[in-house]
Every structure is written in C-alpha cells, then in structure tokens.
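So the structure is just underneath, and the comments pick up after that.
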Amino acid sequence: MAPAKLAAPLALAGGLLWILHALLGGGSDPLPSTLHFVGLACVLAAAGLFGSGLVKSDAVGMRVLVALASALLALSLVEAFRPPDSPWYDGGWGILAALLGAIGLVRRRGSGRTSGAHSR
C-alpha cells in the first residue's frame, strides 16, 4: 500500500481513538491518556502522509519537508485553542478526523481506477 493511501485509515483510527477518549471522560488515567496520544500520533501521521502526497516530484527532501509542515499545521490547529480540562474538545476533532478518514476511504473505494488517469 502506498504511503499516501495510509492517510485515510490513519485519520479514521485516530479520530475513533479520540472519540473513545472523550467517551471515557479524559482525565489522567493511563487508558484515556494512551488513547489520546496514540490518536494524536495517528492524526499527525495521516496529515503528514497526506501532505507528502501533494508533492508530485520525486524530490525526497521536498516530500519530507511538506510532510513535516503538514503534521505541524495539524498539531497547531488542534492545540491552538485548547480549553483547560475538556475531553470533548479532542472528541470534536476526533469526529472531524474520523469523518474525513471515512470519506477518503469511501471515495477511494468508489473510484474504480486501478492506476493513473490514463488506465482503462
């Protein structure tokens, strides 16, 4: 599976982990904290993989730079307005990430193309 194709499943998994974290009430218990950090890792990896897929050249350095910038942008959007002690803040971002990941999976499944725009 190509790295860019992993972005949608990672976003879906990260979003579902954040929703589960919110349902458990957050807090400092080991399980909700683990769900939060694993979900964060999944969302950041998804953002990085999506960003690297936007680069159409074979320049590896450019792909890495854009992947890091995309992941940092996602992190800054999530953390910029974080209220203190609110587990449903992450749950809201989790709903958005899961929705975007599910849309990405459905669009990829329904496209029917096996490779490139010129294949038939």
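Structural remarks
- Flag for R82 being more than 24 Å from R109 (Cβ to Cβ), open to solvent by 60 Å² or more (accessible area, probe 1.4 Å) and touching a Ser or Thr at 6+ places or on another chain (Cβ under 8 Å): no
- Scanning region 58-91 for residues that are outside any loop (DSSP other than H, G, I, E, B) and of a type in the set (S, T, N, Q) gives S70, S76.
- A Cβ distance below 8 Å, combined with a sequence gap of six or more or placement on separate chains, defines the contacts here; from region 3-30, residues that are under 17 Å from I95 (Cβ atoms) and among the β-branched types (V, I, T) reach residues that are modelled with pLDDT of 90 or more and open to solvent by 40 Å² or more (accessible area, probe 1.4 Å) in the pairs I19/I95.
- Residues of region 1-23 that turn out to be open to solvent by 90 Å² or more (accessible area, probe 1.4 Å) and either at pLDDT below 90 or of a type in the set (D, E, K, R) (or both), as a count: 2
- Test: residue in region 50-66 that is under 16 Å from L99 (Cα atoms) and out of contact with any strand residue (DSSP E or B) (no Cβ under 8 Å at 6 or more places or on another chain): yes
- Contact map, region 77-101: first residue within 15 Å of L16 (Cβ to Cβ), second residue open to solvent by 80 Å² or more (accessible area, probe 1.4 Å), Cβ cut-off under 6 Å, separation 6 or more or different chains; pairs are A98/L16.
The values are calculated or read from the model by the stated rules, or taken from the named source; none is laboratory data. The model shown is predicted, which means the values in this text are computed figures rather than measured ones. Glycine gets a Cβ as well: all are built from the backbone with ideal geometry, and neighbour counts include every protein chain shown. Surface areas here come from the heavy atoms of the whole protein model, side chains and all, with no ligands, DNA or RNA. Shrake-Rupley method; radii C 1.70, N 1.55, O 1.52, S 1.80 Å.
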